[in-house]
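Enquirer: Have a look at this one before I ask anything.
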């Protein structure tokens, strides 16, 4: 009999809920993709390069022009001095970059600290590398990291810590005291950091994104990963990148070349044009999504749900304790089947599910969609 390397994994809840939403013609606030389209310039330039015949392999580490634009963006946003050719690698989505960074770092028997609720690709990638994820639970409503608990979890096998800010699914952001505590631990114990920053340009209420790239000592031990899909409403393009110190980038690229070798060439050129010609899109993203967060949260004020604060990303958490006694998976199935709104249960983001009655909504949707969903939810 065939023995699975990942015997406990099946179809993800995201695929399940989207399939249910499509089948039942429900409002889909589950899977995290925008309802609106990519910018016109980006689409126009993609078409331009395809028609111009720019359709062959690009360099494995990325089109140099795009690498340069990424380095310039990091300098403009975080005052980071990045060597584009040596430190920037373009990938087929942030999930590929996460997988490759984990494979580059993790050896047989290594442990990697992960904070639950966590993006679902971390643990399988760690296990496929022969490592073990050590999951530290964060609790509603604050989802704050207790760094003393982290320190207690570190031992001779600990290799790395994965952070995610702004955080999916909680919508929380790391603060300066978190960055300071993280840096102290990784330096003391000679650890590495994988910093998942795919929502880096979506922070709210004028709070800055505290990228690892802002801190030279921390960056020296880090892989910093981001996503063009989140930034340019183009998740289906699967375009991301990793910025790492040159020595780590060398190891990253050894594996990257045997995972995808190179990423979609016309899209790389189009993205370079977008960053060069309409860089203001990046700067306007926080205000754009904050307006959508506020549309949804304001429309839910009269509901029986408790709204948890969203400091970034395009997700909003709701506590449904006053609405139902069902567990969160059962409640999400009931919600899509009986009420016509698809959401994601928070327990699927945990290795050891908490008893919090919390669901995640995606507000990367047209205002009309958000208002229609809120009207239904207010009737529960």
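What follows draws every value from the coordinates through simple rules; no lab data is involved. All values derive from a computational prediction rather than experimental measurement.
Enquirer: Take every DSSP beta bridge with both residues inside the chain and express the antiparallel ones as a percent of the total, to the nearest 5.
Expert: Details: 18 of 38 bridges.
In the chain, DSSP labels about 45 percent of beta bridges as antiparallel.
Enquirer: Now for a separate question. Work the Kirkwood hydrodynamic radius out for segment 271-338: mean of 1/r over every pair of different alpha-carbon atoms, inverted, in Å. Intermediate results must be reported in sequence, preceding the final value.
Expert: Working: mean 1/r = 0.0685 Å⁻¹.
With all distinct Cα pairs of segment 271-338 included, I get 14.6 Å.
Enquirer: Using just the C-alpha positions of segment 110-192 as equal point scatterers, what log10 of I(q)/I(0) does the Debye formula give at each q in 0.26 1/Å?
Expert: For segment 110-192, the Cα-only Debye profile gives -1.45.
Enquirer: What ratio of Cα Rg to 2.2 N^0.38 Å holds for segment 231-380?
Expert: Compactness ratio reported: 1.33.
Enquirer: Further, regarding this structure: Return the inverse of the average 1/r over all pairs of distinct C-alpha atoms in the chain, which is the Kirkwood hydrodynamic radius, in Å to one decimal. Mind dumping the intermediate values first?
Expert: Numbers: mean 1/r = 0.0467 Å⁻¹.
The Cα-based Kirkwood calculation yields 21.4 Å.
Enquirer: From the Cα trace of segment 3-141, what convex hull volume per residue do you get, rounded to a whole Å³? Present the calculation step by step, with values, prior to reporting the outcome.
Expert: Working: hull volume 31.6 nm³, N = 139.
Here the figure is 228 Å³ per residue.
Enquirer: Tell me, what is a quarter of the convex hull surface for the C-alpha atoms of segment 307-380, in nm² with one decimal?
Expert: Values: hull surface 20.4 nm².
Result: 5.1 nm².
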